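A short worksheet on the structure shown next.
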Amino acid sequence: MYHKTVLNNGVRIISERLEHLRSVSLGIWVNRGSRDEEDLENGISHFIEHMSFKGTRNRTSLQIAKEFDAIGGLSNAFTGKENTCFYGRVLGKHFTLLSDILSDIFLNPTFDSGDMEREREVIFQEISMMEDTPDDNVHVLFNRFFWQGHPIGMSVLGTDETVSAIGKETILRYVGKFYSPWEILVAAAGNVDHDSMVSCLSPLFETLTDKGAPDPGRLPPRSNTGVSVHAKELEQVHICLGGEAPSLADKKRFACSLFNTILGGNMSSRLFQEIRENRGLAYAVYSFHAAYVDAGLLGIYLATDQRNVNPALETIQREVRKICKGDLSESDLAAAKEHLTGGIYLASESADNRMMRIARNEIVFDKYVSHEEVVSNLEQVTVDEVVEIGHDVFKDGEVSLVTLGPMREEEIDKGCLQFN
């Protein structure tokens, strides 16, 4: 059973009661992320996420950890391109305490200067770890190149330079500007009573007022095309390539999800079978659909020896062309639909997934979207619509390629980026 309450200041409280679960997942969301940052403050949303767990006006970081552990609770947070979320999961009987701890973390962080310096070092290590992990780093490089000149292409973590410059006053200005009540959403799923949840949380969140300047709104990004090569001494060349795809709100996203599944989304996909199983060109290869409220990209990742780069690109080109020419049967499409449907319903058995799902649907669509509605939309997709996605994404001259590893640009067969 789904319920929604909007407080007088605009904060939304939503819940989905699941009678069969003993646990409850609670998340406090802000509809703000790294795409809302200026160039010089890149990484500030992620820094705020870290600092919120370092102590509040009521609890030290150790007290926060001990209180979660004492009730067998799990807590975490994440920063994305468009949202930041602080969440936890406990048994239903501990919901009131979970609400109190998470609300305290969100509403009352002290942003202590000493803690900030220590946490800054932690974030430097996180950035270094990403840079030392080529399969992560190539995605960061690809996003920066593909969405060149737009904040959606910046790393969520920021850079050593931008993180070094973030101080307490910068954080307080950012929070005051963007953490407006109507950008805040509290969501819960599992063993939870909505009325009790509202009674518990509304006194805490009703005190929030807007202190910032009017929101100028988000500018939609435009993609950049071409080839970007990053030479590095590695055992393999890591590759990302792709083109523009449907956004979160685009009806074509269902066809795109199916295209992605068929192309490289699972072990029976075209790319996995042809590149790994049949030709042995790579161990890791997959496709992905990264969608935002007003933009999206469909990309392909693989890692391979330098000598296999062009054969792998040729294979990708051939498999994409085959789909674009209609080499796709009704049984292929039916299998992809069943794969996605199974994933949707299996994920629905997790309280965390249910909480995150209702929150994201509220943020994007301002409403509850049932699993059955999503499955119905998937079922209605035709073969022709999936083929059309291939043509839309892999247009000649509108595809980007980024490599990281022992490869020079002149060694890449750019003819492999011509798909139509």
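With respect to the conditions (1) outside any helix (DSSP H, G or I); (2) out of contact with any Phe, Trp or Tyr (no Cβ under 7 Å at 6 or more places or on another chain), ASP392 falls short on a single one, namely (1). Checked against the criterion of being under 24 Å from the mean Cα position of the chain (by Cα), among the polar types (S, T, N, Q) and under 24 Å from PRO406 (Cβ atoms), the candidates SER257, SER223, SER228 yield just one match: SER228. Note on the stretch 17-40: among residues that are charged (D, E, K, R) and crowded, with 21+ Cβ neighbours inside 10 Å, the one that is farthest from the chain's Cα centre (by Cα) is GLU37. Across the stretch 157-164, a minimum of one residue is classified as at pLDDT 95 or above, buried (at least 20 other Cβ atoms within 10 Å of the Cβ) and small (Gly, Ala, Ser). Taking VAL374, is it in a helix (DSSP H, G or I) and either crowded, with 21+ Cβ neighbours inside 10 Å or of a type in the set (Lys, Arg) (or both)? No: the conditions fail for VAL374. Each residue in the stretch 154-177 was checked for being farther than 30 Å from VAL138 by Cα and in contact (Cβ under 8 Å) with a residue 40 or more places away in the chain, and 3 pass.
Residue by residue, here is whether (1) in a loop (DSSP other than H, G, I, E, B); (2) not assigned by TED's automatic domain parsing to the domain that holds GLU388 holds:
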| position | (1), (2) |
| --- | --- |
| GLY217 | yes, yes |
| LEU234 | yes, no |
| LEU241 | no, no |
| ASN260 | no, no |
| GLY264 | no, no |
| ALA282 | yes, no |
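Number of residues in the stretch 219-240 that are surrounded by fewer than 23 Cβ atoms within 10 Å (Cβ to Cβ), in contact with a helix residue (DSSP H, G or I) (Cβ under 7 Å, 6 or more places away or on another chain) and not β-branched (Val, Ile, Thr) equals 6. Is at least one residue of the stretch 301-313 under 30 Å from LEU219 (Cα atoms), in contact with a strand residue (DSSP E or B) (Cβ under 9 Å, 6 or more places away or on another chain) and touching a residue at least 60 places away in the same chain (Cβ under 8 Å)? Yes, there is a match, as at least one residue in the stretch 301-313 is under 30 Å from LEU219 (Cα atoms), in contact with a strand residue (DSSP E or B) (Cβ under 9 Å, 6 or more places away or on another chain) and touching a residue at least 60 places away in the same chain (Cβ under 8 Å).
Within this structure, PHE78 fails the test of being part of a helix (DSSP H, G or I) and hydrophobic (A, V, I, L, M, F, W, C). Each residue in the stretch 37-61 was checked for being out of contact with any strand residue (DSSP E or B) (no Cβ under 9 Å at 6 or more places or on another chain) and over 19 Å from SER164 (Cα atoms), and 3 of them qualify.
Taken across the stretch 68-82, residues that are under 18 Å from the mean Cα position of the chain (by Cα) and among the acidic types (Asp, Glu) do occur, with at least one present. Has the stretch 326-335 got any residue that is under 30 Å from LEU18 (Cα atoms), part of a helix (DSSP H, G or I) and in contact (Cβ under 8 Å) with a residue 24 or more places away in the chain? Yes, the stretch 326-335 contains a residue that is under 30 Å from LEU18 (Cα atoms), part of a helix (DSSP H, G or I) and in contact (Cβ under 8 Å) with a residue 24 or more places away in the chain.
Among the candidates ILE101, ILE105, ILE71, ILE127, the residue that is in contact with a His (Cβ under 7 Å, 6 or more places away or on another chain) and of a type in the set (Val, Ile, Thr) is uniquely ILE71.
The values are calculated or read from the model by the stated rules, or taken from the named source; none is laboratory data. Remember, it's a predicted structure, so these values are computed and weren't measured experimentally. Every residue, glycine as well, gets a Cβ built from its backbone with ideal geometry; the counts of neighbours run over all protein chains shown.
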